[in-house]
Structures are given as C-alpha cells and as structure tokens.
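First comes the structure, then the notes that go with it.
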Amino acid sequence: MFKLDGLPPSAYTLKTLLMTTQLLHREPAEKIWRAGLAAVEPHSALRRILRRHGPGLEVDRWLWTPKPGASVIIVGAGKAAAAMASAVVDILSDPGSGFPPLAIRGLVNVLDEQAGQAGPIRLHGARPAGNPLPTDAGVAGSQTMLQLVQNAEPDDLVLCLISGGASALLPCPAPGVSIADKRALTALLSRRGADIRELNVVRKHLSRIKGGQLAAASSRAGLWVSLILSDVIGNPLDVIASGPTVPDPSTFAEAWDVLEKYQAVTDAPPTCLHHLRCGLKGQVPETLKQLPDSIHNVLIADNDRALEGAAACARDLGYTVHNLGSHLAGESWDLGLHLVKLGRDVLRGIGPIRPPVCILSGGETVVSRVASDGKGGRNQELALAFLSQIPADDRTGLTLLSGGTDGEDGPTNAAGAWADASLHTEALRLKLEIDDFRQRSRSYDFFQQIGGLFITGPTGTNVMDLRVLLIPTQRTP
C-alpha cells in the first residue's frame, strides 16, 4: 500500500498520488538510462583500446614507436569527439607511464558549445547543438584536417576520432557544390523520410572527405588508426559518419536512386544534380573502394554496450530485464504503440516475465511525416505515441523514458521525453490534444507545456537512442 509521510492514500487527491508515484518511478528509470550512457563514455572506451607502451603507444593490436621528430596527429569529428580528444591527450601525456609525453598536434570538429582546446588539440566549433546541418565553419575545419593529414610524415601516427554526428560536423563539399546546396538537399531528403544510410550514400558522393577520402588524403603516414563510436544500427563502418576512413561500397547510381525514391530530383539544387550526373557518366571519380594496409578502423563502443550497462543497473535495482536489442528501427509512432502493448501484456501476465520489469530497447527510429514548421524529434514522437495509450487515471505505474544518447532529439535542446499517467493528467488539465500536436509535428511544444521533456545537454557520446520502460510490481491505490 502506497503511503506518503505515514498518511493513508485517502488523504491525497488521485492527481497527487499519480504525480508522486510517477516521480518515484522516474528516478530509477533515469538512473538506468544514465548507466547505459556511462557504459559508452569515451574515456573508459578509449582506455580499453589505447595505452602507452614504453616510449610509444599501443593502439588495439598495433604498436607505434616514435622516431625523433615524429608526432601523433589527431583529427576527427562527432558529438563525442571533444571527450574522445580529451581522453587521448590524457593517455598520451600520462606521467605515470614513466616516459615523456608524446608530441601531439591536431584538430577535431565539435559542437560550438564544446569548442576550445584539449591540450594541444584544437576543438573547432563546427555547428551549434540542436541544429544538425553542416555549416561554413565545419567546412573550414574539414579543410584544415585535410591539410594536416596530407602533410603527415612517414614516421607519424594519425589517430582519427569518429563518432555519431560527424556527417554534419565534417562537411567538405565536392568542387562546384556549395555547403548551402548540400545542406538544402540533406534537409529535403530528411523531411521526406530518408534514413541515415540513404542520406550518407548521397553525402558521400557530394563530398571530398567522406567515403574513405579523408584517410586516402594521407599518402605518407606510417600508421593510421580510426577509433569509432557507432551511432548506426549494425555498426557498418562505411555508414558511420559517412565512412571518412573506410572503403565505400556505394555508387553514384545508388545516390541517384535515393533522390528518385524520395522524388527529390525536381527539387534538388542544380549543383548537386550536376555533380551526381557527372559521376553517373564517369566524369567524376567514384568514392574509394580500397584503402592501404597502413589504415585501420576500430569500433570502440556501440548501442549494445549501452544496453548492457543499463541492464546491469536495472538488475541491481531489482528489475527483471527484457532487452529488445539495438536493432529497432521503423516509425517512432509505431514503436511507441508497440511498447505500450508490451507493457500491458506483462501486466496481464502474458508471456514469461513478471513485474517488476525493465524493458530496454535501442536503435534509431524515424519520423517520416513531418510538417514544415514542426518541432520535435523521434524520441519525443515515440513518447507521444506511448502517452496516447495511457489513460490519465492509469494506476499501473508504466513509465517510459526515451532519449538520444547524444543529448539531442531532432532540432531541439531535449534528449527526448517522458511518458506516464501524470503527464497525461497534466495534458488534460491544459486541454492539450495529443492528435493535434502529432498532426502539426509539435511534440516538443506538447511536452514542454506539460513538463515532460528530458533535457541533458550534450552528453559527450553518441550511440543512437536508449529507451527505458519500467513496469512496477503493483498498481498504485
């Protein structure tokens, strides 16, 4: 029996009970979510891969011993790149190794809010948070990186730090294509429902740096290792950040097919169409299909690892864990409805698991029908769908937290949103219609008004989305 300050439930209104009880459920849900985040924190992930070895450095299974005048060149981009750069500097400069610090220089493209220095590494602001489109500042940083790797010497080591968000943070348009035109095409395809794989096929073929071209620009470096934090389902290295250091299996023909699939040929910028048509005719070289043996790519963390960290925390808190895995995709709204049904099935005793249960899921969904003036993201849309099926007087205690591990959900400052009965109660009090906000693609406004946004700020990592659904042992009174 639920009590507050020793008094019986009858001393409180149902609304107070629901809100107080849901807050009790939100605390463990957020703790579980943040445990998943901690499992993919760049410092710990990199220390598993990168360590001092005598006067040199061991990178996964490769050993680099510096010769006089040699240096470590750091390049890269992504929402986790700032934290990754800081971790690399800490490891390479560790006084506990007993050896002098290694010579380091470099630049990585990061969010504007993360700009500054990580030791000798310049953290170059390439775009603001909440606006996932490439900028002129991002182009300037990318061009500097190309110069750095082109000037690498045979005894140098290049470490490339790649994480989710690098596609927009590492722009370098093909000759004749402006960043504004490339940005317009990306936005057009996104609005029409193109997924990350399709977007990257197009972006690679309008770039000087993606599709393996960044690594290929370094023709003289003795050893190149890319350390990659995955934000893509299945971890295909050629898709993460559009594969700037990975051979590209896609073609100009596939890029053109994406435009046709989403009926974008008539609306795409002429410069983009011209470049792609030249590629189709063989007048522009294809993206690179094979890289030298000196270039290596290492995956250091992904969505599965985040789910494992969240699951361990949930078990410690006494929940039975049901992990749906890291491959969930499709429409956000559909998955939100599916999670409600799954939670109710558990409460009805359908299936082998019994409350208290924590249902975890990862992956990355899409919102394919977006109004031109919409504001929200896939996690907020998913939470809105979940909330649409939870009555305001529901006393099962179902609590959902859906958030992007990068701290961003679409072009907003929220990582995602909460969904529970107390929030539906507040929506009814304010006379907010869920279907109205969905039709106008204004999930952000909806959750902002009822206090359901989940705001973390940039997290320093990025491994897609993490969702925590808690199903408590019993109903509230």
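The values are calculated or read from the model by the stated rules, or taken from the named source; none is laboratory data. In this text, all values refer to a predicted model and were calculated from it rather than measured experimentally. In this analysis, Cβ positions are derived from the backbone assuming ideal geometry, glycine residues included, and neighbour counts consider all displayed protein chains.
Values for this structure:
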quantity	calculated
Number of positions in the range 209-267 that are without any contact (Cβ under 8 Å) to a residue 60 or more places away in the chain, β-branched (Val, Ile, Thr) and surrounded by fewer than 22 Cβ atoms within 10 Å (Cβ to Cβ)	3
Flag if residue 306 is touching a helix residue (DSSP H, G or I) at 6+ places or on another chain (Cβ under 6 Å) and among the aliphatic types (A, V, I, L, M)	yes
Tally of residues being touching a Gly at 6+ places or on another chain (Cβ under 8 Å) and among the basic types (Lys, Arg) across the range 175-204	1
Single residue of 343, 351, 397 found to be within 21 Å of residue 318 (Cβ to Cβ) and out of contact with any Ser or Thr (no Cβ under 9 Å at 6 or more places or on another chain)	351
Test for residue 432: is it surrounded by fewer than 24 Cβ atoms within 10 Å (Cβ to Cβ) and modelled with pLDDT of 95 or more	yes
Subset of the range 324-342 (residues that are under 19 Å from residue 401 (Cβ atoms), in contact with a helix residue (DSSP H, G or I) (Cβ under 9 Å, 6 or more places away or on another chain) and of a type in the set (A, V, I, L, M))	324, 328, 335, 337, 339, 340
Any chance residue 291 is outside the structural domain of residue 225 (by TED's automatic domain parsing) and either of a type in the set (A, V, I, L, M) or within 27 Å of residue 215 (Cβ to Cβ) (or both)	no
Conditions (1) of a type in the set (A, V, I, L, M); (2) farther than 13 Å from residue 133 by Cβ; (3) modelled with pLDDT under 95; (4) not in a loop (DSSP other than H, G, I, E, B); number of the one not met by residue 159	(3)
Candidate set: the range 118-150, residues that are at pLDDT below 95 and charged (D, E, K, R); chosen: the one nearest to residue 462 (Cα to Cα)	127
In the range 423-466, the residues that are assigned to a helix (DSSP H, G or I), among the basic types (Lys, Arg) and either within 19 Å of residue 334 (Cα to Cα) or touching a residue at least 12 places away in the same chain (Cβ under 8 Å) (or both)	438
Failed item, numbered, when residue 323 is tested on (1) surrounded by fewer than 17 Cβ atoms within 10 Å (Cβ to Cβ); (2) farther than 20 Å from residue 468 by Cβ	(2)
Candidate set from the range 366-388 (those that are among the polar types (S, T, N, Q) and modelled with pLDDT of 95 or more); member that is farthest from residue 434 (Cα to Cα)	379
Within the range 230-261, considering residues that are in a loop (DSSP other than H, G, I, E, B) and of a type in the set (A, V, I, L, M), the one farthest from residue 81 (Cα to Cα)	233
Filter result (surrounded by fewer than 21 Cβ atoms within 10 Å (Cβ to Cβ) and in contact with a Ser or Thr (Cβ under 8 Å, 6 or more places away or on another chain)) within the range 39-52	41, 43, 52
The range 154-173 residues that are within 12 Å of residue 214 (Cβ to Cβ), paired with ones that are surrounded by 24 or more Cβ atoms within 10 Å (Cβ to Cβ) and among the aromatic types (Phe, Trp, Tyr) (beta carbon under 6 Å, 6 or more apart)	158/224
Failed condition for residue 466, given (1) crowded, with 17+ Cβ neighbours inside 10 Å; (2) out of contact with any strand residue (DSSP E or B) (no Cβ under 9 Å at 6 or more places or on another chain)	(2)
Exclusive hit being basic (Lys, Arg) and touching a Lys or Arg at 6+ places or on another chain (Cβ under 7 Å), set 261, 210	210
Residues of the range 330-372 classified as surrounded by fewer than 22 Cβ atoms within 10 Å (Cβ to Cβ), among the acidic types (Asp, Glu) and either closer than 22 Å to residue 31 by Cα or touching a residue at least 12 places away in the same chain (Cβ under 8 Å) (or both), total	2
Residue 195 charged (D, E, K, R), modelled with pLDDT under 95 and under 16 Å from the mean Cα position of the chain (by Cα)	yes
Any hit, the range 58-69, residues being modelled with pLDDT of 90 or more, more than 26 Å from residue 239 (Cα to Cα) and in contact with an Asp or Glu (Cβ under 6 Å, 6 or more places away or on another chain)	yes
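Conditions tested, residue by residue: (1) surrounded by fewer than 24 Cβ atoms within 10 Å (Cβ to Cβ); (2) out of contact with any Ser or Thr (no Cβ under 6 Å at 6 or more places or on another chain).
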{"position": "377", "(1), (2)": "no, no"}
{"position": "404", "(1), (2)": "no, yes"}
{"position": "408", "(1), (2)": "no, yes"}
{"position": "417", "(1), (2)": "no, yes"}
{"position": "422", "(1), (2)": "no, yes"}
{"position": "427", "(1), (2)": "yes, yes"}
{"position": "441", "(1), (2)": "yes, yes"}
{"position": "450", "(1), (2)": "yes, yes"}
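Quick grid of which residues meet (1) outside any loop (DSSP other than H, G, I, E, B); (2) touching a strand residue (DSSP E or B) at 6+ places or on another chain (Cβ under 6 Å); (3) crowded, with 22+ Cβ neighbours inside 10 Å; (4) not assigned by TED's automatic domain parsing to the domain that holds residue 219:
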position: 125; (1), (2), (3), (4): yes, no, no, no
position: 130; (1), (2), (3), (4): no, no, no, no
position: 139; (1), (2), (3), (4): yes, no, no, no
position: 145; (1), (2), (3), (4): yes, yes, yes, no
position: 164; (1), (2), (3), (4): no, no, yes, no
